[in-house]
Amino acid sequence: MLPLRTWLDLWWAKIADFMEPDQSLIYLRCVLTAVDAPESARLLGKRSGASREAVLEQMRSGPYETFSVSQCGGPRKDAFDKALTDLAEIQDNTGQPCVRQSGTGGRPAC
């Protein structure tokens, strides 16, 4: 089981996807999750050039990221685009970005 701090960091990362959506950061988090999954992790390092670092480097390169992101379509892509539009509208109306503020107990506030 993961330590509480790790769980909290994972949840804050998910919240950040909605507060400051960035396809590259979301893709990176997906890559890290896939590489660290037990079924993937046990295969890494068995062959030369297939270390965790080498796989991460390749998966973070432009062609892989571009292809992977391009495969995201349909309702999920529509929802992501709508969330980006809604967030921009909220930030325009309030005049400030949504951020994690210390005075709110670490909760996001706009």
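Which lysines, if any, have their Cα less than 23 Å from the Cα of residue 14, not counting same-chain residues under 8 positions apart?
77, 82
Let me know the shape class of region 12-83, please: from the alpha-carbon gyration tensor, a ≥ b ≥ c as square roots of the eigenvalues, rounded when a/c is under 1.5, otherwise prolate if a/b is greater than b/c, or oblate.
prolate
Throughout, read-outs are computed from the coordinates displayed, never taken from laboratory work. Only a predicted model underlies this, so the values are computations on that prediction, with no experimental measurement involved.
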